[in-house]
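Notes follow once the structure below has been shown.
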Amino acid sequence: MCGISGIISSNTITKKLLNSIQNLEYRGYDSCGMAIINSHGPVIRKNIGHVADVAEKELFLSMDGYVGIAHTRWATHGGVTPANAHPHANCDGSIAVVHNGIISNYLDLKQTLIKKRHHFISETDSEVIPHLIEEYRKGGMPLESAFSAALKELEGSFAVAMVAYEEPGRIFCAKHESPLIIGLGNNENYLGSDFNAFIEYTKDAVVMDDGEYAIISNEGYAIKRIGDGSPVLKKVMQIEWDAEMSKKGGFPHYMLKEIYEQPETVNKALAISQEAIISLARGLVDSRRAFLTGVGTTFYAAQIGQYYLASEAGLSIPAISSDEFLESTPAGEGDFVLAVSQSGETYDTLRVLREAKNRKAKTAAIVNVIGSTMARLVDTTVMQGSGPEICVISTKAALAQMVILIRTAIEAGIITGKLTPADRKAKLKQLETLPGLISDFLNEHSAFVHNLAKRQAHHHNWLYLGRGKYYPIALEAALKVKEVAYLHTEGMPAGFLKHGTIALIDEKLKCLVFVPTEKEHELYKMTMSSIEEIKARGGSVVAIHSSRAFAKSPLLDDQLLLPSAPPLVMPLVALVASQLLSYFFATTLGRNVDKPRALAKSVTVA
Ligand code: M6R
């Protein structure tokens, strides 16, 4: 989504503010801007493009001041134009505002303000905010009251920050359903959509909650309720992540760095206390009905959970994409909803959890971002500890979530009696081989994957097929290709192919098939049937598999041979191979790997 940052200090802040918004660029990157207060008022500079380019073009570093706000945008209302970039100002330019979220009643507000002779420049919903504040100021209200009165008129979601000429020593900000965090320094305080905005400057932070606004000076901050202006006391939290973790560390792209970090993130997922995992398993087993949810990649992670809960615990627990959950699944009292989310801020998933709570269902979440809304909303949170994931494309966070869900399935298996303690021990041992398998694969097979990508990247239409646990893997792998390489790739169960889609098979459509281990006899044979069906229609097959015998098969047009691994972990090894393939597809095609077109790291709007 959009990224907001702000700094107020006893020293000049321009460089730090620019750095701060650069560190948030992964949240959205179609345009950006800064407003810095100097002796003439807020000076606003903004334009379309990535932060580094706009900063150069608009001479951001030549702006000077002690207080400022900045924004990096992911367009929702209004195209990608300089006028729609933030900050937005009121009519006389004395107030500058940045906003993340969607003001759902902006058209009504805009009409009313236009009738009162306010002049609008952009097509955004956000621009109503400075004008509303200005309107209240005209009536003689003090700035703080005007700010909170304007907030009360906004419907929808918002994280807002404002600077104003008349009060140059304060940043005003507010939160409702979009994240906002205050960072506390020495004679210098910060504001950010997430910790990356200020992690280089301080590790002390205060997380704002919905319905709150704050006033920040260089010496302190005060948080109040939007409703009645009453003060709110908050705990200062320590950010455990370290600034270095958010750097590229010699890798050409964050995506590659994060793929290579996976042995470590799997180890972190394996180190999560058994107690925490059992609490998830208990929730799933003991409830009247249980559901898994997430969206995009985290929906596929949830689906992996569904398959392992079936195989390890004999449980039937559906994974439902959070964007469709409420319309298809009325969870209520006695039910348990387990959500999966890297950011902990995804609108669709939060909507499910809020509604589930309203209907008295129990909620839990596997989340990566410390202090995120989801982590604080649910009854039980398991922090996955994968460290900052900066690339918009999720890799290491998703794999860690899958490992946590497999561990949960194993504990659920003990509770349901499907597994014995000896089975659990053996299965955990197999899971523990995963970091080594991944690191060997990445170190030894990367060149093979790169060459495969170079041979195949010019094919524009793909079917990614898998059966059983390899089906959600195929879906997730296909999403990666779409997101980062912009190749049309449809993920599908291999068995579903013959029920219609097979009509598309010709020599131009490439089919990438995830083949199970030979030990999974039935599944292996059925996947082979699908391959035969494709070949019989003149199709072209690329396989990701681990069978030394199949490697010689004339059915194969191309392949990626995986190391041998236990069936329990092989789908995850195949996933890592497919992540790397997507990465090399993207680099071969010259795509912008870490900031693919049209995407944003966390989607906090409907
Ligand atoms: O932060 P979340 O895990 O809740 O985000 C969910 C999806 O938006 C996210 O996984 C998205 O699909 C990624 N771009 C995947 O690479």
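If you take the residues in region 235-247 that are in contact (Cβ under 8 Å) with a residue 60 or more places away in the chain and not in a loop (DSSP other than H, G, I, E, B), which one is least open to solvent (accessible area, probe 1.4 Å)? Residue satisfying both the conditions and the ranking: SER246. The residues listed here are ASP108, ASP30, ASP53; of these, the one that is under 16 Å from HIS131 (Cα atoms), of a type in the set (Asp, Glu) and without any contact (Cβ under 8 Å) to a residue 60 or more places away in the chain is ASP108. Considering ASP286, ASP323, ASP348, the condition of being in the same structural domain as GLY417 (by TED's automatic domain parsing) and either among the β-branched types (Val, Ile, Thr) or more than 24 Å from ILE390 (Cα to Cα) (or both) is satisfied by ASP286 alone.
The residue that is farthest from LEU191 (Cα to Cα), counting only those in region 13-39 that are surrounded by fewer than 24 Cβ atoms within 10 Å (Cβ to Cβ) and of a type in the set (Lys, Arg), is LYS15. Give region 317-358 a look and list any residue that's more than 14 Å from the ligand (Cβ to nearest atom), out of contact with any strand residue (DSSP E or B) (no Cβ under 8 Å at 6 or more places or on another chain) and not in a helix (DSSP H, G or I), or say none. Selection gives PRO330, GLY332, GLU333. Can you find a residue in region 248-266 that is touching a strand residue (DSSP E or B) at 6+ places or on another chain (Cβ under 8 Å) and either open to solvent by 20 Å² or more (accessible area, probe 1.4 Å) or in a loop (DSSP other than H, G, I, E, B) (or both)? No - not one qualifying residue is present in region 248-266.
Of these, GLU312, GLU327, which one is acidic (Asp, Glu) and either at pLDDT below 95 or surrounded by fewer than 20 Cβ atoms within 10 Å (Cβ to Cβ) (or both)? From the options GLU312, GLU327, the qualifying one is GLU327. Going through region 359-379 one residue at a time, which ones are in contact with an Asp or Glu (Cβ under 9 Å, 6 or more places away or on another chain), open to solvent by 20 Å² or more (accessible area, probe 1.4 Å), assigned to a loop (DSSP other than H, G, I, E, B) and of a type outside the set (Val, Ile, Thr)? Of everything in region 359-379, those that are in contact with an Asp or Glu (Cβ under 9 Å, 6 or more places away or on another chain), open to solvent by 20 Å² or more (accessible area, probe 1.4 Å), assigned to a loop (DSSP other than H, G, I, E, B) and of a type outside the set (Val, Ile, Thr) turn out to be ARG359, LYS360. Scanning region 535-563 for residues that are outside any loop (DSSP other than H, G, I, E, B) and within 35 Å of the chain's Cα centre (by Cα) yields a total of 10. Within region 594-606, the residues that satisfy the criterion of being within 12 Å of the ligand (Cβ to nearest atom) and out of contact with any Cys (no Cβ under 7 Å at 6 or more places or on another chain) are LYS595, PRO596, ALA598, LEU599, ALA600, LYS601, SER602, VAL603, THR604, VAL605. Being under 35 Å from the mean Cα position of the chain (by Cα) and open to solvent by 80 Å² or more (accessible area, probe 1.4 Å) is the filter here; which residues of region 105-126 pass it? Correct list: LEU107, ASP108, GLN111, ILE121, GLU123. If you go through region 558-577 one residue at a time, do you hit one that is open to solvent by 10 Å² or more (accessible area, probe 1.4 Å) and either over 25 Å from LEU434 (Cβ atoms) or within 16 Å of the ligand (Cβ to nearest atom) (or both)? Looking through region 558-577, at least one residue is open to solvent by 10 Å² or more (accessible area, probe 1.4 Å) and either over 25 Å from LEU434 (Cβ atoms) or within 16 Å of the ligand (Cβ to nearest atom) (or both). The sole residue among VAL295, VAL285 that is more than 16 Å from the ligand (Cβ to nearest atom) and among the β-branched types (Val, Ile, Thr) is VAL285.
Would you confirm whether any residue within region 384-394 is over 23 Å from TRP74 (Cα atoms) and of a type in the set (A, V, I, L, M)? No, region 384-394 contains no residue that is over 23 Å from TRP74 (Cα atoms) and of a type in the set (A, V, I, L, M). Restricting THR395, THR373, THR380 to those that are away from the ligand (no atom under 14 Å from the Cβ) and β-branched (Val, Ile, Thr) reduces the list to THR380.
Across region 165-186, the number of residues qualifying as open to solvent by less than 10 Å² (accessible area, probe 1.4 Å), outside any strand (DSSP E or B) and either hydrophobic (A, V, I, L, M, F, W, C) or in contact with a helix residue (DSSP H, G or I) (Cβ under 7 Å, 6 or more places away or on another chain) (or both) comes to 2. I want to confirm something. Restricting to region 398-430 and keeping residues that are surrounded by fewer than 20 Cβ atoms within 10 Å (Cβ to Cβ) and either within 25 Å of MET245 (Cβ to Cβ) or among the small types (Gly, Ala, Ser) (or both), which single residue is farthest from the ligand (Cβ to nearest atom)? Ranking the candidates gives ALA422 first. As a summary of the residue check, TYR66 satisfies the conditions (1) within 25 Å of LYS601 (Cα to Cα); (2) open to solvent by 20 Å² or more (accessible area, probe 1.4 Å); (3) hydroxyl-bearing (Ser, Thr, Tyr) except for the one numbered (1). Somewhere in region 275-296, is a residue touching a residue at least 12 places away in the same chain (Cβ under 8 Å), assigned to a helix (DSSP H, G or I), open to solvent by 10 Å² or more (accessible area, probe 1.4 Å) and within 28 Å of SER578 (Cα to Cα)? Within region 275-296, none of the residues are touching a residue at least 12 places away in the same chain (Cβ under 8 Å), assigned to a helix (DSSP H, G or I), open to solvent by 10 Å² or more (accessible area, probe 1.4 Å) and within 28 Å of SER578 (Cα to Cα). Every condition in (1) open to solvent by 10 Å² or more (accessible area, probe 1.4 Å); (2) part of a loop (DSSP other than H, G, I, E, B); (3) within 23 Å of TRP74 (Cα to Cα) holds for THR202 except the one numbered (3). Scanning region 380-422 for residues that are in a helix (DSSP H, G or I) and charged (D, E, K, R) gives LYS396, ARG407, GLU411.
If only residues of region 205-218 that are in contact with a Gly (Cβ under 6 Å, 6 or more places away or on another chain) and open to solvent by 10 Å² or more (accessible area, probe 1.4 Å) are counted, the one that is farthest from GLU177 (Cα to Cα) is SER217.
The values are calculated or read from the model by the stated rules, or taken from the named source; none is laboratory data. These numbers were taken from a predicted model, which means no experiment stands behind them. Using ideal geometry, Cβ is built from the backbone for each residue, glycine included, and neighbour counts are taken over all protein chains shown. Note: accessible area is taken over every heavy atom of the protein model, side chains too, but ligands, DNA and RNA are not part of it. Shrake-Rupley method; radii C 1.70, N 1.55, O 1.52, S 1.80 Å.
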